[in-house]
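Data block below; observations after.
The values are calculated or read from the model by the stated rules, or taken from the named source; none is laboratory data. Predicted model only: the values in this text are computed from it and were never measured. Because the Cβ atoms are built from the backbone with ideal geometry, glycine has one as well, and the counts that use them run over all protein chains shown.
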Amino acid sequence: MRQAGRYLPEYRAVRDKADFLTMCRTPELASQVTIQPVDIIDVDAAIIFSDILVIPEAMGMKFEMVESRGPLFHHPIRTESDAEKLRDVDPTKELKYVLEAVALTKKELNGRVPLIGFSGSPWTLLTYMVEGNGSKSFGFVKKLIYNNPLLAHKVLDKLSKTIADYLSAKIEAGADAIQIFDTWGGILSQNDFEEFSLKYISKVISQIKRKDEPIIVFAKGVHYKLEDLAASGADVISLDWTMDLGKVRNEIGDKVALQGNLDPTILYAKKDVIRKEVKRILSSFGEGSGHIFNLGHGILPDVDPENAKALVQFVKEESRQFHHRVTETQRI
């Protein structure tokens, strides 16, 4: 969850020389900061450094990343004519720089760990595209789905195809797994989530061209559709920190693997508290495979890197008791 970032001094050293979007658009810089957490924190996978909003940008929506404010779209989608301006995207052209970053990082990793590519879900991208920036009420996108649902579905359809093409291209470039972030799925009612988000997550997954590369879906705040998420075509469901991992395993753990779900703020605590929480989460899931230990949301920018290192080490130490290896004697 957001491995590269402001909590790492090494990342900040690169960031001091280039703004955020320049880093995203420069394969060498994106690759460099992608690999930093592998070298420094000793994580078991790399997550390509990029941003979910490169897709609407490729579709013709100019945006900037405003320091301490987040993304800002200068001309958000509010009308039919706004939506008509959205371009078709060929990821090998408009998003070539991301694919080059994936290929370069894959080469630099040289098989040390898998590489994960990602995208926002259609609903989450639509939310930013309509709101124009971050929001507390999400009034504009809610007005859209209630007052002009046909337009919302039209844009969501277009986003689904674009995302599927983009993620397929990432796999082709070398990504070993894909994660779809539905960060704003939880702002919808249960019925609206099914109509405007889950339907399109499933559509994206069904259109991704892959061999055996797993698909991970993270729908933040969506406690009420776990069975449906497990039936979306995803191989892994990622959980935020408010969910009970053991209960979710009992509910859908036989259908999909689970990822999560340490509260990111635990990394502010002392190391003995972090180890205690690691044990609690591992115990909650229990014995056997099918669990990817992770934070329940992104790592925070003021976390001490030493605590992140300690977390990874504690997981590697404490998880051993939950994964018994069968010896040749036992097998006989």
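Contact map, the stretch 311-326: residues that are crowded, with 16+ Cβ neighbours inside 10 Å paired with residues that are modelled with pLDDT of 90 or more and part of a helix (DSSP H, G or I), Cβ distance under 6 Å, separation 6+ or inter-chain. Pairs shown: LEU311/ILE274; PHE314/ARG275; PHE314/VAL278; VAL315/VAL278; GLU318/VAL278; GLU318/LYS279; GLU318/LEU282; SER319/LEU282.
Applying the criterion of being buried (at least 18 other Cβ atoms within 10 Å of the Cβ) and among the aliphatic types (A, V, I, L, M) to the residues of the stretch 41-53, the residue that is farthest from VAL217 (Cα to Cα) is ILE41.
Of the candidates ASP182, ASP176, the single residue that is touching a Phe, Trp or Tyr at 6+ places or on another chain (Cβ under 8 Å) and of a type in the set (D, E, K, R) is ASP182. Restricting LEU267, LEU262 to residues that are at pLDDT 95 or above, touching a Phe, Trp or Tyr at 6+ places or on another chain (Cβ under 8 Å) and surrounded by 19 or more Cβ atoms within 10 Å (Cβ to Cβ) narrows the list to LEU262.
When you check VAL141 against the structure, is it without any contact (Cβ under 8 Å) to a residue 40 or more places away in the chain, part of a helix (DSSP H, G or I) and either among the aliphatic types (A, V, I, L, M) or closer than 20 Å to SER202 by Cα (or both), yes or no? Yes, satisfied.
Return yes or no: is TYR166 aromatic (Phe, Trp, Tyr), part of a helix (DSSP H, G or I), touching a Pro at 6+ places or on another chain (Cβ under 8 Å) and buried (at least 18 other Cβ atoms within 10 Å of the Cβ)? Criteria met by TYR166. Of all the residues in the stretch 225-265, those that are out of contact with any helix residue (DSSP H, G or I) (no Cβ under 7 Å at 6 or more places or on another chain), β-branched (Val, Ile, Thr) and not in a helix (DSSP H, G or I) number 2. Filtering the stretch 58-110 to residues that are among the polar types (S, T, N, Q), modelled with pLDDT of 95 or more and closer than 30 Å to GLN36 by Cα leaves THR92, THR105, ASN110. Counting only residues that are surrounded by fewer than 24 Cβ atoms within 10 Å (Cβ to Cβ) and assigned to a helix (DSSP H, G or I), the stretch 169-192 holds 9 of them.
Considering (1) surrounded by fewer than 20 Cβ atoms within 10 Å (Cβ to Cβ); (2) of a type in the set (A, V, I, L, M); (3) under 21 Å from PRO214 (Cα atoms), the lone condition that LEU29 does not fulfil carries the number (3). Of the residues making up the stretch 48-58, just one is out of contact with any helix residue (DSSP H, G or I) (no Cβ under 7 Å at 6 or more places or on another chain) and in contact (Cβ under 8 Å) with a residue 24 or more places away in the chain, namely ALA58. Counting the residues of the stretch 290-306 that are out of contact with any strand residue (DSSP E or B) (no Cβ under 8 Å at 6 or more places or on another chain) and either buried (at least 19 other Cβ atoms within 10 Å of the Cβ) or within 12 Å of ASP42 (Cα to Cα) (or both) gives 5. Only residues that are touching a strand residue (DSSP E or B) at 6+ places or on another chain (Cβ under 7 Å) and either on the phi > 0 side of the Ramachandran plot or not in a loop (DSSP other than H, G, I, E, B) (or both) were counted across the stretch 201-224, and they come to 8. Within the stretch 284-293, one or more residues are out of contact with any Asp or Glu (no Cβ under 7 Å at 6 or more places or on another chain) and under 13 Å from GLN179 (Cβ atoms). A single entry from TYR97, TYR128 fulfils the requirement of being under 20 Å from GLN179 (Cβ atoms) and surrounded by fewer than 16 Cβ atoms within 10 Å (Cβ to Cβ): TYR97.
Name the residues in the stretch 15-29 that are free of Cβ contacts under 8 Å to residues at least 40 places away in the same chain and of a type in the set (A, V, I, L, M, F, W, C), would you? Listed by number, the residues that qualify are ALA18, MET23, LEU29.
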